[in-house]
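This report concerns only the one structure given below.
The values are calculated or read from the model by the stated rules, or taken from the named source; none is laboratory data. Just so we're clear, the structure is a prediction, and the values are computed from it rather than from any experiment. When we count neighbours, we look across all protein chains shown, and the Cβ atoms used for this are built from the backbone with ideal geometry, even at glycine.
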């Protein structure tokens with residue numbers, strides 16, 4: 001993939017995450033609320049947090065960033081994005097959301113390490 005396109009996609013990804021920090025979803029509390037839906041015994045909103053931060057590692061890999069610095073930046077980005085909810089009166093800070101964000105970052109990093117390992121074996 002072209003490096004410039006990857007950068008544009010990365011910036012769009014970051015923008016979407018930032019928008020999701022400020023956009024209030026799940027406020028109705030009804031039966032279809034994300035925190036009442038379970039997928040494989042995992043609340044759907046936690047699963048979405050994991051999936052939202054999973055791409056971080058892949059963008060770092062595609063943009064040839066230093067793995068460990070990129071992982072640290074991802075942990076900081078995931079932590080700050082959830083911590084912002086503490087300061088927004090219409091959002092709620094949830095430690096489980098933060099943990100889900102971090103799981104997404106770390107899971108993506110583990111997948112990248114696995115991909116790198118496979119590539120060096122070949």
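Do we have residue 112 as at pLDDT 90 or above and surrounded by 14 or more Cβ atoms within 10 Å (Cβ to Cβ) here?
Against the criterion (at pLDDT 90 or above and surrounded by 14 or more Cβ atoms within 10 Å (Cβ to Cβ)), residue 112 qualifies.
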- line: The residue that is modelled with the lowest pLDDT, considering only those in the range 18-50 that are out of contact with any helix residue (DSSP H, G or I) (no Cβ under 6 Å at 6 or more places or on another chain) and either part of a helix (DSSP H, G or I) or surrounded by 14 or more Cβ atoms within 10 Å (Cβ to Cβ) (or both), is 33
